[in-house]
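Novice: Got a structure for you, written out below as structure tokens; questions coming shortly.
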Amino acid sequence: MSPARAPSGRLAARLVPYGFLAPAIVLSGLLILLPIAYTLYLSVRRIEVFGLGLGAEGRRESFTGLSNYQSAVTDPELWAGTLRIGIYGLMVVPLMLGLALVFALVLDHHRVRFRQVSRIVIFLPYAVPAVIATLLWGFLYLPEVSPFHQTLEALGLPSVDLMGQETVFVALTNIAVWGGTGFNMLVLYTNLRAISSDLYEAARIDGASELQIALRIKLPVLTPALIMTALFSMISTLQVFSEPVTLSPLSNAVSTTWSPLMKVYRDAFVRDDIHLAAATSVIIAVITLALSYAFLRLVQSRAFAQEER
């Protein structure tokens, strides 16, 4: 090989990884970065109407600065929906992750039978689309058609209307927990299966009980996975949309602005104000990023405090 070809060959070798990454970079730019940039562009503009507003000459898009953000921030419906989502998240995330952790620990026990079947049964609700799951549960909630209500009435027992103003939180929480527990369980269970069985055997030889093994070995190993699932669950809770939208025709307790994303949908496609909807979307994204960052910082600070001890 001539000395002149050696540098070009090394340069080609260095460019090979970037060649493999190029499709992913292009797709990320087209599907993520460009929509974000277009949303930011729409959020600082508005439609001005001239005369009767008829035809292309009667409507013109112009730069408006931060007025859309001001309108979104001062809208009480946005913060009322954020409060509802906060209450909903405090109910969903701890319950869902708690059940996922319990199921993962139980399935990881060496004496459990039918582990594969049980894992599939627990995970199966996650495979059901959110709209279909909400419709199924919604008809089970309705007193007129619910077999649970009919059974309770036949037995002379009182029934609870889960479509009320306050109880609808329980109804939506049940749908989210039913659908999301299996996925989080599978993530935690996969991390548990990565632990060497020799570690468990050594702990049993030293006299550790199964509860001590779970608390002192399995839980510390699961800490990174629990943090990841908690973060993803928080983000998905802040962005909840399909469940309340699907349940809204069945209950008057779910308004068109029950969640922040439902307000975005109403502004964009019902009121035809895509610019205000874009500004609200940016605000929701900023709130999500801020809460995620605060959660990670809190976890890191506690981890550092434990290490110092």
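Novice: Right, residue 113: among the basic types (Lys, Arg) and exposed (fewer than 13 other Cβ atoms within 10 Å of the Cβ) or not? Quick ask: steps written out before the conclusion?
Specialist: On the way: among the basic types (Lys, Arg): yes; exposed (fewer than 13 other Cβ atoms within 10 Å of the Cβ): yes.
In short, yes.
Novice: Evaluate the following for residue 276: is it farther than 27 Å from residue 97 by Cβ and touching an Asp or Glu at 6+ places or on another chain (Cβ under 6 Å)? Break it down into steps so the answer makes sense when it comes.
Specialist: Working: farther than 27 Å from residue 97 by Cβ: yes; touching an Asp or Glu at 6+ places or on another chain (Cβ under 6 Å): yes.
Yes: the conditions hold for residue 276.
Novice: While we're here: Among the numbered criteria (1) of a type in the set (S, T, N, Q); (2) open to solvent by 70 Å² or more (accessible area, probe 1.4 Å); (3) farther than 30 Å from residue 201 by Cα; (4) free of Cβ contacts under 8 Å to residues at least 24 places away in the same chain, which one does residue 212 miss?
Specialist: So residue 212 meets the others, but not (3).
Novice: Something else about it: Among the candidates 170, 187, which residue alone is assigned to a helix (DSSP H, G or I) and open to solvent by 50 Å² or more (accessible area, probe 1.4 Å)?
Specialist: Details: 187 fails: open to solvent by 50 Å² or more (accessible area, probe 1.4 Å).
Every option except 170 fails the conditions.
Novice: Can you tell me which condition residue 140 does not meet? The list is (1) loosely packed, with under 15 Cβ neighbours inside 10 Å; (2) part of a helix (DSSP H, G or I), and all the others hold.
Specialist: Every listed condition holds for residue 140 apart from (1).
Novice: Among all residue pairs at least 6 apart or on different chains, which show Cβ distances below 7 Å where the first residue, located in region 279-291, is over 21 Å from residue 46 (Cα atoms) and the second is in a helix (DSSP H, G or I) and open to solvent by 20 Å² or more (accessible area, probe 1.4 Å)?
Specialist: 288/235; 288/238; 291/234
Novice: Quick check on region 128-141. Is at least one of its residues closer than 17 Å to residue 244 by Cα, touching a helix residue (DSSP H, G or I) at 6+ places or on another chain (Cβ under 7 Å) and without any contact (Cβ under 8 Å) to a residue 12 or more places away in the chain?
Specialist: Looking only at region 128-141, we keep the residues that are closer than 17 Å to residue 244 by Cα, and these are 128-141.
If we keep only those that are touching a helix residue (DSSP H, G or I) at 6+ places or on another chain (Cβ under 7 Å) too, we end up with 128, 130-131, 133-135, 137-138, 140-141.
Imposing the further condition that a residue be without any contact (Cβ under 8 Å) to a residue 12 or more places away in the chain reduces the set to 140.
The answer is yes; a qualifying residue exists.
Novice: Please go through region 267-292 and pick out each residue that is farther than 18 Å from residue 82 by Cβ and not aliphatic (A, V, I, L, M).
Specialist: 269, 271, 272, 273, 275, listed by residue number.
Novice: Sort out which residues of region 74-113 are modelled with pLDDT under 90 and either over 30 Å from residue 196 (Cα atoms) or not in a helix (DSSP H, G or I) (or both), and write them in order of number.
Specialist: Those that are modelled with pLDDT under 90 and either over 30 Å from residue 196 (Cα atoms) or not in a helix (DSSP H, G or I) (or both): 108, 109, 110, 111, 112, 113.
Novice: Taking residue 304 as the residue in question, decide whether it is of a type outside the set (D, E, K, R), modelled with pLDDT of 90 or more and part of a helix (DSSP H, G or I). Lay out the reasoning, then the answer.
Specialist: Details: of a type outside the set (D, E, K, R): yes; modelled with pLDDT of 90 or more: no; part of a helix (DSSP H, G or I): yes.
Judged against the criteria, residue 304 is not a match.
Novice: Here's something else I'd like to know. Exactly one of these conditions fails for residue 200: (1) of a type in the set (Phe, Trp, Tyr); (2) crowded, with 17+ Cβ neighbours inside 10 Å; (3) under 30 Å from residue 172 (Cβ atoms). Give me its number.
Specialist: (3)
Novice: Name the single residue that is farthest from the chain's Cα centre (by Cα) among those in region 226-279 being under 24 Å from residue 135 (Cβ atoms), aromatic (Phe, Trp, Tyr) and surrounded by fewer than 22 Cβ atoms within 10 Å (Cβ to Cβ).
Specialist: This residue is 269.
Novice: Scanning region 72-115 for residues that are aromatic (Phe, Trp, Tyr) and within 23 Å of the chain's Cα centre (by Cα), which turns out nearest to residue 174 (Cα to Cα)?
Specialist: Going through region 72-115, the residues aromatic (Phe, Trp, Tyr) turn out to be 79, 88, 103, 114.
Next cut, within 23 Å of the chain's Cα centre (by Cα) only: 79, 88, 103.
Details: 79: 24, 88: 11, 103: 17 Å.
Looking at the filtered set, the residue picked out is 88.
The values are calculated or read from the model by the stated rules, or taken from the named source; none is laboratory data. As the structure is a computational prediction, the values presented were derived from the model and not from experiment. Methodologically, a virtual Cβ is constructed for each residue, glycine included, from the backbone with ideal geometry; neighbour enumeration extends over all protein chains shown. Side chains included, ligands, DNA and RNA excluded: accessible areas come from the protein's heavy atoms. Shrake-Rupley method; radii C 1.70, N 1.55, O 1.52, S 1.80 Å.
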